[in-house]
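Participant: What follows is a structure written as structure tokens; I'll ask about it next.
Read the figures in this text as sums done on the coordinates, not as results from a lab. Everything numeric in this text was worked out from a predicted model, so none of it was measured. All Cβ positions, glycine included, derive from the backbone under ideal geometry; neighbour counts span all protein chains shown.
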Amino acid sequence: MKTTLINTVAAGLLALAAAPAMAVPVLVTNQPWGVDTDIENMTQVFGTGAFTTYGSYAQADAAVAAIFSSANRFVMLEGGAATDSLLADYLGRHAGVVEAWVNGGGALLIQSAGWGTSIGFGGVYLARGHQNSCGTLSAAGVEAFALSIRHCGGFLAHNEVVGAGLTNFMTGDTWQRAIVAGKEVGLGYIMYSGLTASRFHEGGHGLVNGVIRYTAGQAQAAEAPEPASLALFGLGVAAIGALRRRAGS
């Protein structure tokens, strides 16, 4: 009986040790157009207080190791309006850290509808392109975001996605170029979005929410257990030792 109990406890502890770390979604934003629409998007997708926000790229510079850690499996980097250059510079400064994190299973959403800077990362450009009042979801986009095909706004998107190996989820009307597209990178995923803030979308928050939800769902489980799990694992090992000593006495 005691041997069975020991084996049962041991099996449970091994499962605990192998369990993934708790995902902590992260938003980095300079509040394009001076509004918190991206915070509203994240709240609707993940819940109130269920994600961490850095309100500027200066704050995100100081916290880059914490943002791109194994405890965080989804990160949204938001640019747009006059803040696109801040996002581009941030990615340039920390490219190695971000790429390693994505390759390890992280899911990254880079969203910017800027006016002055094309953002290059991972062999893809969020190119400063043409304003699109409307866009059409591809078959992949309809399946991924669970939304109707057509979306409009004033404007729906500014930037266009240019690069190889991408799945095109949405095409802008102006020049029939991708405005939302993504690809697998190593074990992880990067989504590139030229969408504006959802306050400018006639359909409200739904499209950006869908992009966030889908991208976050592409993250792989973190390999390392939480510190609290490690502590509990240690207590369990000690308990097994005590049980074995009692069983042998």
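Participant: How far, in nm, would the chain grow between Ala221 and Ala50 when pulled straight, counting 0.36 nm per residue and subtracting the alpha carbon separation? Show your work: numbers first, answer last.
Facilitator: Numbers: separation 171, 0.36 × 171 = 61.56 nm, distance 1.76 nm.
That pair, Ala221 and Ala50, stretches by 59.8 nm at full extension.
Participant: For the stretch 39-122, what mean projected area does the convex hull of the alpha carbons give, in nm²?
Facilitator: One quarter of the hull surface, i.e. the mean projection, equals 5.5 nm².
Participant: Sticking with this structure for a sec: First check a/c for the stretch 83-149, with a ≥ b ≥ c the square roots of the eigenvalues of its C-alpha gyration tensor; if it is under 1.5, answer rounded, and if not, answer prolate when a/b is larger than b/c or oblate otherwise.
Facilitator: Note, shape of the stretch 83-149 comes out oblate.
Participant: If I take R0 = 22 Å and measure r between the Cβ atoms of Val142 and Arg199 in this structure, what FRET efficiency does the formula 1/(1 + (r/R0)^6) give, to the nearest 0.05? Please list the in-between numbers first.
Facilitator: Values: r = 23 Å, r/R0 = 1.06.
It comes out at approximately 0.40.
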